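Only one structure is covered here, and it is reproduced in the block below.
The values are calculated or read from the model by the stated rules, or taken from the named source; none is laboratory data. No experiment lies behind these values; they were computed from the predicted model shown. We place every Cβ from the backbone using ideal geometry, glycine too, and count neighbours over all the protein chains shown. What goes into the accessible areas is simple: the full protein's heavy atoms, side chains included, and nothing from ligands, DNA or RNA. Shrake-Rupley method; radii C 1.70, N 1.55, O 1.52, S 1.80 Å.
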Amino acid sequence: MNALGRHLIVEFYNCSPEKIDDVMGIEKCMVTAAKKAGATVINSTFHHFSPFGVSGVVVIEQSHLSIHTWPEYRFASIDLFTCGETIDPWISFDYLKEEFAAEYFSSLELQRGQLHHLKKIDVQTPLTRCSTSSDKKRITYNRNIWFTERDENVALSLRHTGDRLFSKQSPYQKVEILETYAYGRVLTLDGMIMTTEKDEYIYHEMIAHVPMLTHPNPERVLIIGGGDGGAAREVLRHKSVKSVDLVEIDEVVIEASRKYLPTIASAFGHPKLHVHIQDGIDYVKQLRDETYDIVIVDSTDPVGPAEGLFKPSFYRDVYRCLKPDGIMVTQSESPTFNPPVFQELYQCYKEIFGRDNVHCYLVFIPTYPSGMWSFSFCSKGSIHPVRDFDRLRAEEFTRSHPLRYYHPDMHVASFVLPTFVKELLEQKPLIKEKTQVIQR
Ligand code: SPD
């Protein structure tokens with residue numbers, strides 16, 4: 001070769017859209033392609049972008065392999081750049097063409113660093129990127145694979161190991177569990193973070209204990225959603241509870257959580273917990289009036305299967321099935337990330353429960369978009385979450401359980417709202433027709 005390196009510029013058309021949207025699969029293929037060509041892998045960095053697309057690079061001792069994919073066009077654009085006589089980038093090309101099921105392709109080989117134009121000089125540190133065998137021993141392969149949840153303007157990325165713990169397309173959504181470095185195992189549904197091992201306690205303690213320690217005697221509890229089991233685990237800490245019905249539409253969420261998130265899913269199998277694999281909307285429709293003391297709506301975001309859980313007809317049924325002093329608590333999205341949806345939800349709750357019976361409380365959840373998340377507290381009677389909250393019972397409860405976020409002062413403090421949140425709740429909803437749909 002009369003050049004320092006060979007550079008293949010490759011375009012793969014009509015690829016399998018699933019394969020070129022799978023960040024972990026792509027990383028594995030690109031690393032394997034490098035190894036098959038005879039290269040030594042040093043580092044790989046790959047990102048998935050929602051809704052579609054992956055970018056990544058594998059750094060090899062002999063330069064790099066990079067990719068960017070457009071699953072919606074079934075197109076992948078790849079650069080294979082190698083140096084040294086022993087590496088053959090066409091081996092990588094053949095392998096990747098098969099792996100991504102490309103129906104046709106175009107390719108171009110460039111010689112990079114034509115020796116005709118270069119003159120070698122004497123330097124202490126060799127400029128060549130192709131190392132000696134003693135260098136090789138020092139090189140360790142470092143994987144850098146990122147999960148990214150984002151909308152058009154905001155993104156949150158978590159680095160993960162790249163090993164797929166669980167991935168299944170259920171009839172409702174894609175259920176995945178990743179192993180991240182900062183937050184432990186993470187459950188995602190259609191690419192959105194639902195819960196993580198490291199910060200789940202914030203959400204689950206606050207969605208459960210605020211209503212449970214305000215209601216005078218919560219015996220019958222209904223959880224809509226909550227298939228990871230975290231809310232049920234917290235509710236079942238309360239001795240007054242006689243039974244908990246958990247209604248989850250997607251049994252794959254429960255399957256994944258039981259298998260890979262055992263500390264969150266620990267309540268499954270509890271004798272007081274009754275699991276119903278059913279749409280929460282149908283479940284509440286057929287309920288007798290005044291069945292439950294507390295209803296917890298632990299839903300996903302208002303896209304996909306949970307969309308109906310953000311509609312007034314659903315909340316009217318919840319209202320009906322609450323006992324006269326019953327309480328409904330819902331996850332009510334983020335006032336910072338999606339103010340229109342937040343406002344619409346509260347408008348809807350107030351129409352059903354009455355203005356003075358709807359209260360918002362806030363928590364900080366590092367892995368949810370913007371970090372600021374809200375819950376609604378809606379009473380059918382007039383139980384007030386701060387005035388009627390049983391501080392002595394909450395103190396005793398906090399002492400006897402290993403809680404990490406909830407305590408009586410936090411209970412009260414979470415209802416203190418920043419000015420902009422108060423204003424959002426007082427204003428008329430910003431975008432009327434955008435009810436129930438988060439734009440991602
Ligand atoms: N954007 C994330 C909203 C997730 C709400 N539900 C989480 C389920 C945890 N049990």
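Restricting attention to region 10-52, the residues being hydroxyl-bearing (Ser, Thr, Tyr), out of contact with any strand residue (DSSP E or B) (no Cβ under 9 Å at 6 or more places or on another chain) and assigned to a loop (DSSP other than H, G, I, E, B) number 1. In region 190-205, of all residues being buried (at least 23 other Cβ atoms within 10 Å of the Cβ) and part of a helix (DSSP H, G or I), the one that is farthest from the ligand (Cβ to nearest atom) corresponds to GLU205. Is it the case, given these coordinates, that THR180 is farther than 18 Å from ASP301 by Cα, open to solvent by less than 50 Å² (accessible area, probe 1.4 Å) and modelled with pLDDT of 95 or more? For THR180, the condition - farther than 18 Å from ASP301 by Cα, open to solvent by less than 50 Å² (accessible area, probe 1.4 Å) and modelled with pLDDT of 95 or more - is met.
Residue-wise test of (1) away from the ligand (no atom under 15 Å from the Cβ); (2) in a strand (DSSP E or B).
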site: THR140; (1), (2): yes, no
site: ASN144; (1), (2): yes, yes
site: GLU152; (1), (2): yes, no
site: THR188; (1), (2): no, yes
site: ILE207; (1), (2): no, no
site: GLY227; (1), (2): no, no
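Could you grab me the full set of residues in region 348-364 that are farther than 13 Å from PRO385 by Cβ and in contact with a Cys (Cβ under 7 Å, 6 or more places away or on another chain)? First the steps, then the outcome.
Step one: filter region 348-364 for residues farther than 13 Å from PRO385 by Cβ, giving 348-352, 354-355, 363-364.
Of everything in region 348-364, just one residue is farther than 13 Å from PRO385 by Cβ and in contact with a Cys (Cβ under 7 Å, 6 or more places away or on another chain), namely TYR349.
Checking each residue in region 390-415 for being surrounded by 20 or more Cβ atoms within 10 Å (Cβ to Cβ) and either more than 16 Å from the ligand (Cβ to nearest atom) or free of Cβ contacts under 8 Å to residues at least 60 places away in the same chain (or both) picks out ALA394, PHE397, HIS411, SER414.
Of the candidates PRO216, PRO171, the single residue that is open to solvent by 10 Å² or more (accessible area, probe 1.4 Å), modelled with pLDDT of 95 or more, assigned to a loop (DSSP other than H, G, I, E, B) and closer than 24 Å to VAL412 by Cβ is PRO216.
Taking region 274-359 and the helices (runs of 4 or more DSSP H) fully enclosed by it, no element has 2 or more residues that are among the charged types (D, E, K, R), surrounded by 20 or more Cβ atoms within 10 Å (Cβ to Cβ) and modelled with pLDDT under 95. Considering each residue of region 65-97, count those that are open to solvent by 50 Å² or more (accessible area, probe 1.4 Å) and either under 17 Å from GLU27 (Cβ atoms) or not assigned by TED's automatic domain parsing to the domain that holds GLU11 (or both), and give that number. Qualifying residue count for the region: 1.
From the residues in region 231-263 that are polar (S, T, N, Q) and away from the ligand (no atom under 14 Å from the Cβ), which one is least open to solvent (accessible area, probe 1.4 Å)?
At the first step, the residues of region 231-263 found to be polar (S, T, N, Q) are 240, 243, 257, 263.
Filter once more, keeping what is away from the ligand (no atom under 14 Å from the Cβ): 240, 243.
Details: SER240: 36, SER243: 18 Å².
Looking at residues that are polar (S, T, N, Q) and away from the ligand (no atom under 14 Å from the Cβ), I get SER243.
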